[in-house]
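Everything below concerns the one structure shown next.
The numbers here are math on the coordinates, done by the rules we state, and not lab data. Keep in mind that this is a model prediction, so the values were computed, not measured. Note: ideal-geometry Cβ built from the backbone for every residue, glycine included; neighbour counts use all protein chains shown.
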Amino acid sequence: MSYEIPTGTMEKTTGFLMFRTARGMKKMLDSRLSKFNVTSSQASVLNTLFNSDGLSLSEIGKSVHLDKPAITGLADRMEKDGLVERRRTSTDRRIIQLFLTEKGRNLYNSIETIIVETDQRLVKSLSILEIETLHEMLQNIWDQANN
């Protein structure tokens, strides 16, 4: 099944609309998180470690969809801010694991509500069924893009 997009209307493509929407959502979340001096990317890493502490940098990068240089830079900043600490594994000294510090755990506990409230605010005009359908559609598009 395919559909036609009028020539010269890139702004009407699914990819463009999704990109624009994601940027707007990120901007809103970043704005709300700024009073905690944390970005949405850092919040994503905090969330990942809150749920599964001690992951390697590459595992975190895969989880939050950032490449190696980006996750390394993010980890550097978060370590400097005292939110995470790096540890080498005893079995393979090349692998660096990231762990939440008490400060990082406390920060995540403080911002988790903001993350949830922001998401709820963004979809407040949708019914639960529409939200579930949207999530399914986004997952299907993601799967197609990553086949």
Q. Efficiency by 1/(1 + (r/R0)^6): what FRET value for E112 and T13, r their Cβ-Cβ distance, R0 = 35 Å, to the nearest 0.05?
A. 0.55
Q. Expressed in nm to one decimal, what extension gain is obtained for the pair K68 and E4 from 0.36 nm per residue of sequence separation less their Cα-Cα distance?
A. 19.3 nm
(Q) Connecting C-alpha atoms closer than 10 Å in a GNM of the chain, tell me which of K103, K12, K68 has the biggest fluctuation. (A) K12
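Arrange L126, L83 by Cβ neighbour counts within 10 Å, fewest through most, would you? Before the final figure, lay out each step's value.
Details: L126 12, L83 25.
Fewest-to-most ranking of L126, L83: L126, L83.
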Q.
Let's test this: bin the Cα-Cα distances of the chain at 5 Å from zero up to the farthest pair and state each bin's percent.
A. 2, 8, 14, 17, 18, 14, 11, 8, 4, 3, 1, 0
Q) Hey, how many Å between the Cα centroid of segment 126-147 and the Cα centroid of segment 65-96? A) 31 Å
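Kyte-Doolittle cut-off -1.0, length cut-off 27 Å along the helix's own axis using Cα: show which whole DSSP H helices in the chain pass. Mind showing how you got there, number by number?
Working: long enough: 14-33 (28 Å, -0.17); 102-122 (30 Å, -0.76).
The answer, listed by residue number, is 14-33, 102-122.
On a 21 Å Cα-Cα criterion, which of the cross-link pairs K27/K103; K35/K103; K35/K68; K26/K62; K103/K124 come out too long? Write down the numbers at each step before the final one.
Working: K27/K103 24 Å; K35/K103 16 Å; K35/K68 28 Å; K26/K62 19 Å; K103/K124 32 Å.
Among K27/K103; K35/K103; K35/K68; K26/K62; K103/K124, the Cα-Cα distance tops 21 Å for K27/K103; K35/K68; K103/K124.
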(Q) For segment 1-82, which chymotrypsin sites (Phe, Trp or Tyr not before Pro) pass both filters: DSSP loop (anything but H, G, I, E, B) and at most 16 other C-beta atoms within 10 Å? (A) Y3
(Q) What does the net charge come to around I95 if you take all other residues with beta carbon closer than 11 Å to its beta carbon, with K and R at +1 and D and E at -1? (A) +3
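Report the local net charge at S41: Lys and Arg +1, Asp and Glu -1, summed over other residues whose C-beta lies under 10 Å from its C-beta.
Details: positive: K26, R77; negative: D30.
Summing Lys/Arg as +1 and Asp/Glu as -1 gives +1.
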